[in-house]
Amino acid sequence: MTRVLILISLSAFSQSSDVAFFEKNVRPILVKRCYACHSADTKPAGGLRVDDRNGLLNGGDSGPAVIPGEPEKSLLIERITHSNPRRRMPKEGDLVTPEELALLKAWITNGVAWPAETIAVNKPNPGYERLRSRHWAFQPISDPAGDIDGFINAKLAEKGLTPVGPANDLTLIRRLTFDLTGLPPTPTEMDAFQKNPNYEQLVDRLLASPRFGERWGRRWLDVARYGESTGPSRNVPYPHAWRYRDYVIDAFNRDVPFNRFLQEQIAGDLLPANSIDERVRLQIATGFLAIGPKDVNQRFKERFLMDNVDEKIDTVSKAALGLTVSCARCHDHKFDPIPQSDYYALAGIFTSTDDAAGLRNRMGGAGLDYYNPDLLVRLASFQPVASSEKLEKLRADLAVAKKEWEEIRGTPEGLKLAANGRPAQQPFRLKYERLQVELLQLTDPAEYGFAVHGARDGKLIADTAIRIRGEAERLGPTVPRGFLTAFAVPGAKPVNPAQSGRLELAEWLTSPNNPLTPRVAANRIWQALFGAGLVRTVDNFGINGDRPSHPELLDYLSRQFLADGWSTKKLVRRIVLSEAYRRSPEAPARLREADPGNRLLWHRVPRRLEAEEFRDAVLASAGTLDLSIPAGTPASKFKMIEMPDNGPQSRGIQEAAARSTVRSIYLPLLRGVTPRSLEAFDPAAQSLVTGQRDSTTVPAQALFLLNSGFIRKHSLALAGALPAGATATRIRRAYRLILGREPSPAEITRAAQFIDGYSTDFAKLPSTPDVLSQTHTAEAISEKPIVPADPDNIDRTDHPIVDESVNPQSPNAAAWLSFIQALYASAEFRFVN
């Protein structure tokens, strides 16, 4: 069906006669009675807008204001007719007359008619059909005969090139161990491999290691824009995000088929489960949709909702399809054949889905204003902690306290000063708020670890309207929920009208007939192992993206991926067993001149360690790495309260990360509070899908390696752990632990001279005052617990973070610290050949 037919066949939200009734009879009532407090020109009271249809349908803090066809269940009618004058609306001006009330009820009964803004229907873009039929990524996956090395060597032969030979055993075990586990091999593992270089056995051992899930899970978390807080504007923690992190690690270790892995994250709540534990696991998986950045300080609820929908569309489309679908939010995509109607076909799926991150928007909010426990996913394992009798009594007491507070609030009696100089109404407010907190503590499953950030089908399941120019309130024609039309997916099921459509979307994405998802996944795996994808723009397979250097190889990998049941481990194994993966990093001049970018894969390009690999390798070589799995993160202790920049919570997170020795994937990762041991080496951006990180070499890295308390502390730890004995023996051990090889005789001589000279010079230095009392040492930091934010008293003062001081106790210790620090700073340590 063409785009022009879609738009022409769409009607406004109701018949023209109903719209005329609304314009003549209903809008004037809303303008006269409601706009003063509930429109775009005000800060909408209670988060409710009545000048926008979706504002009424979504409602404010108390829920939907109108329910089409059911005036008796609509809050708008309830508040207009409320028996309590203090609850009745409008609060100012004349009350709604019986005649006006009858008109409002009739309008709701007939479906809440609202005019759809007229937009010009463009002619079908003639280029779209040509792109659909010709762009390589939109064509079905071919099934070429051959193998990895055959495809690569054929390309080399076409250019008259011969690849370099295989890497040596030490280079190979270091490369493979880092690529599969993110850690360096131990000297014992290197010795064993040199004695018995059974490469296939090594591959299988590393694939079976629990460290595999930690390394490859981190790669997916980059794609999932994982973060433990909302990010800029008002940075509110996601205290339960770590459960999604652990789910991802477990999924990679268990080699959950990638198609199932995607389905669980997009529609886990809609999949069948055989047990409560499996249901909980599937609920946690939907955290993928919830933990993105959010602007909770948004003034208007509808804009907040549509911005979050856009963020989900962007994440899902880039992560699974490698397409920039969000570019069609405001207009037809300028480059890819994605009309705006396709964007809103997807948007309807997510407007029919609750973003259960536990948050609501509130401009200028404070304390717990942004937290809504009803917008968390309650785990299937939840068991109430209080008896029903106790809860009933507490709710009754709360109802009485609320009534008493509302009756006295703002009255002359309430505002009269009591003997203590405070308003007489204050005790009533305090009692009401105290009972609210007590009830929340007993009924909020998050208080006991039984809630997560996730997704679920919303109460309102419906198609959504095109937003003209992407503006949330400017409604065009309604678009049926569905999928992209840029390419065909034979056999795809239509959206179930009784559900959001996420299940069908997940099935469409993971259909073996989808030409993009298998290719994008196979390309991501190749990129993780070679440093660059066969398609170098790993997150963009559209018109402006790269073309594959080896199209047949990409389709071969995609077909093998499907044939092996979407198994990540099997495809990793197939690739690392290839000759291409095992090649030497040597770069002869002739080959370098013929193919400087190594697009033909004639050798192995050295890659810099990623931030987590660098930190973990320092800890592993120093003998200080803790391989245990922590329960949660320091952020899991936080309430969902704004965390000020440079406040005590931010400082506490940084200090917790500084003293931690667990793997980097388990560090607290709040947006804008990147651990200092990671930030110099290009960690993933947490606001967007990041299929490939930047890999820079900048002065800040050298300064970190020279001055960081983290590097100095673990250098000193390794210095103290080296075996006692001859200097040469200790130097050899340091080289093997840090660089993964034996030093040459010249390197031993040079290192020994350096250590001796440094120790002599250090001993001549004058005594320096003890600075430990002026800085945060490791011991001092460890004694400082993270203080959760007080919702009634947010500390916005600046709490600077002071790096810990490391002071060797002797000239010899100082010399060895400096020598080891130099090895950590070397390019040989920072790069994998």
Within segment 541-558, of all residues that are farther than 17 Å from Gly691 by Cβ and open to solvent by 10 Å² or more (accessible area, probe 1.4 Å), the one nearest to the chain's Cα centre (by Cα) is Ile543
Report, by residue number, each residue of segment 467-487 that is open to solvent by 30 Å² or more (accessible area, probe 1.4 Å) and within 29 Å of the chain's Cα centre (by Cα). Arg469, Glu471, Glu473, Pro480, Arg481, Phe483, Thr485
Examine segment 375-384 for a residue that is among the polar types (S, T, N, Q), within 22 Å of Gln441 (Cα to Cα) and open to solvent by 30 Å² or more (accessible area, probe 1.4 Å), and state whether such a residue exists. yes
Report, ordered by the first and then the second residue, all pairs with beta carbons closer than 9 Å, sequence separation of six or more or different chains, a first member in segment 643-661 that is free of Cβ contacts under 8 Å to residues at least 60 places away in the same chain, and a second member that is open to solvent by 30 Å² or more (accessible area, probe 1.4 Å) and outside any helix (DSSP H, G or I). Ala657/Thr674; Ser660/Asp626; Ser660/Pro630; Thr661/Thr624; Thr661/Leu625; Thr661/Asp626
List the number of the failed condition for Phe450; all other conditions in (1) open to solvent by less than 50 Å² (accessible area, probe 1.4 Å); (2) over 29 Å from Pro115 (Cβ atoms); (3) in contact with a strand residue (DSSP E or B) (Cβ under 9 Å, 6 or more places away or on another chain) hold. (1)
Given the criteria modelled with pLDDT of 95 or more and not hydrophobic (A, V, I, L, M, F, W, C), does Gly348 qualify? yes
What number of residues within segment 491-530 satisfy the criterion of being more than 30 Å from Arg573 (Cβ to Cβ) and either open to solvent by less than 10 Å² (accessible area, probe 1.4 Å) or acidic (Asp, Glu) (or both)? 5
Report, by residue number, each residue of segment 36-51 that is at pLDDT 85 or above and not hydrophobic (A, V, I, L, M, F, W, C). His38, Arg49, Asp51
Which fully enclosed helices (runs of 4 or more DSSP H) of segment 61-136 have 2 or more residues being open to solvent by 60 Å² or more (accessible area, probe 1.4 Å)? 98-109, 126-134
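Listed here are the residues, each with its yes/no results for (1) farther than 24 Å from Arg360 by Cα; (2) outside any helix (DSSP H, G or I); (3) in contact with a Ser or Thr (Cβ under 6 Å, 6 or more places away or on another chain).
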| site | (1), (2), (3) |
| --- | --- |
| Arg599 | yes, yes, yes |
| Arg604 | yes, yes, no |
| Glu612 | yes, no, yes |
| Leu619 | yes, no, yes |
| Ala631 | yes, yes, no |
| Glu642 | no, yes, no |
| Leu669 | no, yes, no |
Please determine whether any residue of segment 691-706 is of a type in the set (S, T, N, Q), open to solvent by less than 60 Å² (accessible area, probe 1.4 Å) and touching a residue at least 40 places away in the same chain (Cβ under 8 Å). no
1 or more residues over 30 Å from Glu129 (Cα atoms) and either of a type outside the set (S, T, N, Q) or touching a His at 6+ places or on another chain (Cβ under 6 Å) (or both): qualifying strands (runs of 3 or more DSSP E) within segment 417-530: 454-457
Provide a single number: the residues in segment 318-331 that are open to solvent by less than 30 Å² (accessible area, probe 1.4 Å) and under 23 Å from Leu475 (Cβ atoms). 3
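The values are calculated or read from the model by the stated rules, or taken from the named source; none is laboratory data. Since the model is a prediction, treat every value here as computed from it, not as a measurement. Here Cβ is always computed from backbone atoms with ideal geometry, including for glycine, and neighbour counts include all displayed protein chains. Side chains included, ligands, DNA and RNA excluded: accessible areas come from the protein's heavy atoms. Shrake-Rupley method; radii C 1.70, N 1.55, O 1.52, S 1.80 Å.
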